Structures are given as structure tokens and as C-alpha cells.
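The values are calculated or read from the model by the stated rules, or taken from the named source; none is laboratory data. Owing to the predicted nature of the structure, the values given are computational and were not obtained by experimental measurement. Every residue, glycine as well, gets a Cβ built from its backbone with ideal geometry; the counts of neighbours run over all protein chains shown. Areas reflect the complete protein model, heavy atoms only, side chains present, ligands, DNA and RNA absent. Shrake-Rupley method; radii C 1.70, N 1.55, O 1.52, S 1.80 Å.
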Amino acid sequence: MQDIKPLLVFAAVLEHGSMNAAAAALSMTPSAVSQHINRLESLHGIKLLNRNTRSLSPTDAGRALGSYCRRLQATLADTRAVIDHLKTEPAGSLHIALTSSILDAPAFQTALRRLHNEFPKIHPVLHFNDTLDNLQQAEIDLAIRGGGHALDDPNLAARHLVTWQYQICAAPDYLAQHAPVTHPNQLHAHRWLHFLPLRTSLHCGAEHYFLEIENSLYCSHLAAVRTLTEQGFGLSLQVSGEITDAAAQGRLNIVLPDWTLPAVNLYVVTPYRVQSAKTEAAVTILQQSFAEAAQ
């Protein structure tokens with residue numbers, strides 16, 4: 001460990017830009033930081049830093065070594081996080097990242113109730129964000145993600161929850177004010193709302209149609225798209241599992257129900273492959289709840 005300490009100190013100096021700033025971040029004295037750097041340079045016979053009274057910058061050798069030191073720093077941070085997760089009792093705050101629209105999904109509501117009833121020592125903290133945040137940097141325990149880019153981060157551990165179909169939806173009042181839609185080519189005449197660009201394909205039997213809507217009202221939250229759709233502002237794409245209640249209660253109608261749109265896969269993802277007891281308990285409940293709802 002003594003051989004590793006100077007490397008971590010060097011990484012901190014590069015990260016913070018000065019001996020004093022690195023010392024403050026490491027809870028060390030500037031003199032101790034300087035001694036570690038001097039020891040590293042003397043031990044290996046290389047100059048790592050160009051120093052003067054006003055600035056400090058890495059040499060070519062310092063830049064090369066620095067990339068490995070930063071990698072070591074990140075690995076140790078991950079190791080500490082895994083150790084913190086190795087707890088046997090499902091308890092504590094559980095940070096969950098999810099989209100603003102999934103709250104309406106009966107499967108998620110069931111999972112949240114089960115988590116509260118079966119593991120009262122787990123305290124869910126819900127973080128709503130419709131973009132794909134870095135889970136490790138955001139200190140998230142698990143996230144529910146869907147769509148084509150849900151698994152772009154190779155560091156995530158992902159488990160499939162469910163496959164839902166996209167559907168075109170509108171409020172009954174909106175549809176009552178317009179002529180019936182019987183073919184996708186009539187969709188261009190309608191008002192639309194969107195979160196993602198409206199480019200999708202539809203098929204019915206052997207017939208295929210590519211739909212691209214350019215004039216549409218953009219909303220930065222998925223939940224806002226659904227709310228405005230229910231209020232009669234236009235048509236939108238929704239996923240089937242999130243509009244179960246809205247459709248059953250007549251707040252939304254499915255437009256062109258005989259036409260099939262692409263499916264979206266939903267996953268529960270975690271930033272580490274070794275899970276804490278609280279995270280593992282929540283993942284299991286989510287998988288069971290979504291599987292039961294799909295049946």
C-alpha cells in the first residue's frame with residue numbers, strides 16, 4: 001500500500017492542479033504531498049512535474065503516468081463502493097433513477113408497494129430524469145431504463161424487465177373533433193406532441209408505413225407529453241405498459257389499433273455487478289412485479 005500511496009497523491013495533484021489543492025482534498029499537508037512526489041521521482045528516476053513559483057504542469061512522462069494513476073484512483077473508488085454494498089441486511093436509502101412516465105405503470109406501483117411492505121427498513125429515494133445519467137457519478141443504486149440506448153454503457157449490469165409496444169394515443173375529446181383516422185397517411189394532418197423525434201414504422205399485415213412528423217410540440221419530460229395528450233392537445237407515442245389505466249379509464253384512446261409499432265425493451269440496471277442486499281431485494285421485486293403484470 002505504501003507503493004500505491006504516492007501514485008494516488010500524484011493523481012490528486014494532476015486532478016486539482018496544485019500541491020496545496022491536492023493536500024486539502026487528501027487531508028494532508030502540502031509538505032507531505034511534495035514528499036510523496038519527490039519519492040516517486042527519485043524511486044523511478046523520472047521527472048514528473050515542471051514546477052515554478054506560479055504554476056505546476058506535468059512533463060511528458062508525468063502525463064503518461066498520470067493516465068494510469070487516475071485509472072488506479074477510479075478502481076480503488078469502485079472497490080470501496082463494492083465493499084460498502086456488501087451488507088447482509090436489506091436496509092437504508094435506496095436511490096432509484098427512473099423516467100417521469102413510468103410512475104403510471106401498474107407494475108412499478110406494485111413493486112413500490114411490495115418494497116414498502118416487505119422491506120420496511122429500505123427507504124426508496126426516487127430520482128426522475130428522462131435522460132441517461134451516469135449512475136456511478138450520480139450515486140444511484142439502480143435505474144429503470146428503456147429504449148435503444150438503455151445499455152450503451154458497458155459498465156452497467158442489466159436485467160430485462162418487460163417488452164412493451166409503442167402505441168399512438170389521443171384523448172377521446174380530441175378524436176371527436178376530427179375525422180376518424182383509418183390509415184397512417186392521415187396522421188400528418190394532426191397535431192403531435194413528442195419527447196423523442198417522431199420517426200417510426202407501422203405495419204398491418206403485409207402493409208408497411210414509415211411515419212415522420214416534423215411539426216410537433218416538444219416536451220422535455222415524458223410525463224408532460226402524456227398529460228398534454230390526455231388534455232386533448234394532440235397525438236403522441238406512448239408505451240403500452242404505462243397507459244394501462246389511462247386507456248381502461250377512457251382518458252386515452254389507441255389510434256390505429258390494428259397497426260403494430262416497434263417494441264421497447266425495459267431493463268433494471270445497476271452500476272455494479274456485486275449488489276447490496278437492499279439493491280438485490282429491489283431488483284427481485286421489480287422483476288417479479290413486471291413479469292406478473294405482463295402475464
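For q = 0.16, 0.17, 0.19, 0.20 Å⁻¹, what log10 I(q)/I(0) does region 145-255 give under the Debye formula with an equal point scatterer on each alpha carbon and no solvent?
These q points yield log10 I(q)/I(0) values of -0.79, -0.88, -1.07, -1.16.
Taking the alpha-carbon set of region 3-86, what are its Rg and Dmax in Å?
13.2, 46
What ranking of Tyr174, Tyr267, Tyr68 comes out by heavy-atom accessible area, probe 1.4 Å, highest first? Walk me through the numbers before you get to the answer.
Details: Tyr174 5, Tyr267 45, Tyr68 140 Å².
Per-residue accessible area, sorted high to low, gives Tyr68, Tyr267, Tyr174.
Which residues' amide hydrogens lie under 5 Å from the amide hydrogen of Leu217, considering only partners 5 or more residues apart or on another chain, with H built in the peptide plane?
Placed amide hydrogens put Trp192, Leu193, His194 under 5 Å from Leu217.
With the dipole of region 165-264 worked out from charges on the C-beta (+1 for Lys and Arg, -1 for Asp and Glu) around the Cα centre, which of Ser236, Val225, Ala248 lies farthest toward the positive end?
The one lying farthest along the dipole's positive direction is Val225.
Compute and list, largest first, the equivalent-ellipsoid semi-axes of the chain from the alpha carbon gyration tensor, each √(5λ) rounded to a whole angstrom. Before the final figure, lay out the partial values.
Details: eigenvalues 526, 117, 47 Å².
Gyration-tensor ellipsoid for the chain: 51, 24, 15 Å.
Report in % the part of the accessible area of the chain that belongs to carbon and sulfur, leaving out ligands and nucleic acids; probe 1.4 Å.
Here it works out to 52 percent.
Would you work out the relative contact order for region 3-86, in percent, from Cα pairs under 8 angstrom that are 6 or more residues apart? Kindly include the intermediate steps, with their values, before the conclusion.
On the way: 71 pairs, mean separation 23.6, N = 84.
Once divided by the residue count of region 3-86, the mean separation gives 28 percent.
Tell me the Rg and the Dmax, in Å, that the Cα atoms of region 246-295 produce.
Computed over the Cα atoms of region 246-295, radius of gyration and Dmax are 16.4, 45 Å.
Go through 105-115, 25-35 and give me the packing order, highest mean Cβ count within 10 Å leading.
Details: 105-115: 19.6, 25-35: 14.6.
Per-residue mean Cβ counts within 10 Å order the peptides as 105-115, 25-35.
Place a +1 charge on the Cβ of each Lys and Arg in the chain and a -1 charge on the Cβ of each Asp and Glu, then give the dipole magnitude about the Cα centre in debye, rounded to the nearest 20.
Values: 21 positive and 25 negative charges, 240 e Å.
In total the dipole reaches around 1160 debye.
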